[in-house]
Amino acid sequence: MARSMMAHIIGPRHFSTLRPVARNDTGIKVVNGVMKGPEKAVVTWIRYFSVMSSRNASTMTLSNKEQNKQDEKVQSDSADTSPIALSSRNNSNNDKGVVVSYWGIQTPKPWETYKADLSIDLKKHHAPVTLLDKFAYWTVKALRFPTDLFFQKRYGCRAMMLETVAAVPGMVGGMLLHCKSLRRFEHSGGWIKALLEEAENERMHLMTFMEVTKPKWYERALVLVVQGIFFNAYFVTYLLSPKLAHRIVGYLEEEAIYSYTQFLKELDEGNIENVPAPAIAIDYWQLPQDATLKDVVMVVRADEAHHRDVNHFASDIHYQGQELKECPAPLGYH
Ligand SMILES: [Fe+2]
Ligand SMILES: [Fe+2]
């Protein structure tokens, strides 16, 4: 039962990496349906500790005596189907990794899923006309130079590292709009949610590429430094000029589209192996089971094109003398 609960929560793909050995719910090998010798003892201990740990997690404010009474009540009243009764009953069946909720909280998949819109125009470009736009454009072009030098043609690694940066602006912008909404007692027009959706989408790009390329220690160290600088720089820029901040992100997204197009070329030419798509990508973008890395790069590139549009649009709203809240945000625009 606990295993089926886990399947409901994180989906069947996660079990594809389990070793195909006949085991029961405790993970102990079973020979002809009978546990023997030391394995039987191990099961007894695991059951004892799993019950004890879930008890500590779910009823921290109750004394042991009260908890024992509650356990007895749950066992005697198996017909009770209230959320608390159900969650308490699950205490005795829980598996490692399943947190039993005393509060009746149901946990769905930890990410939304959707089908990417691949028909989006990848070639759209915002021509920089004003001084501010030119500053944004050339700032992004200047940032590209050291990036090209560092990564060269290692597009998998490049994608993974750049997604650690790409997920920052949406969160910073969303957070600042959130605080502004609180300070001014006013709505945001959906822009808080739209920007946080973008941040989450970018973070899922990172979670995906992490499965393809594992970061080395010095790359993790680089992320710490870059995030420290970029978060603060973007925070200040957004406070001073949201129209500049959104324009910079618009141009960053244009560069991301270009990089992913180069990534696809390398895959087509066989310079990068077109490995099977990671399970998380198949779940998130609802890809076919036989999807490959190329399919993943295509949907990620489409996402970047959507971010490009959202951010140039947000900048345009400011350019037209309006605030974002006056123009409804494109929610769920991936
Ligand atoms: Fe991304
Ligand atoms: Fe993006």
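Where q = 0.16, 0.28, 0.30 Å⁻¹, what log10 of I(q)/I(0) comes from the Debye formula for the stretch 132-184, counting one point per Cα? Each listed q corresponds, in turn, to -0.67, -1.03, -1.06. Available extension along the chain between Val226 and Tyr258 is 9.4 nm, counting 0.36 nm per residue and deducting the alpha carbon span.
Please give the FRET efficiency for Thr130 paired with Arg184, using the beta carbon to beta carbon distance and R0 = 30 Å, rounded to the nearest 0.05. After rounding, the FRET efficiency stands at 0.65. Reported value for the stretch 188-334: 109 Å³ per residue, from the convex hull of its C-alpha atoms.
Between Leu240 and Lys265, the modelled label-to-label distance comes to 3.5 nm, taking each label 7 Å out from Cα in the direction of the beta carbon.
Counted over all Cα-Cα pairs of the stretch 259-332, pairs farther apart than 14 Å make up 68 percent. Here the stretch 156-263 has an Rg and Dmax of 14.8, 46 Å, counting Cα atoms alone. Multiplying each eigenvalue of the alpha-carbon gyration tensor of the stretch 264-303 by 5 and taking the square root yields semi-axes of 18, 12, 6 Å, largest first, rounded to whole angstroms. The simple Förster model, with R0 at 41 Å and r as the Cβ-Cβ distance, assigns Lys141 and Thr107 a FRET efficiency of 0.40.
Values quoted throughout were computed directly from the atomic coordinates according to the rules given, and no laboratory measurement underlies them. This structure is a prediction, so every number in the text was calculated from the model and none was measured. When we count neighbours, we look across all protein chains shown, and the Cβ atoms used for this are built from the backbone with ideal geometry, even at glycine.
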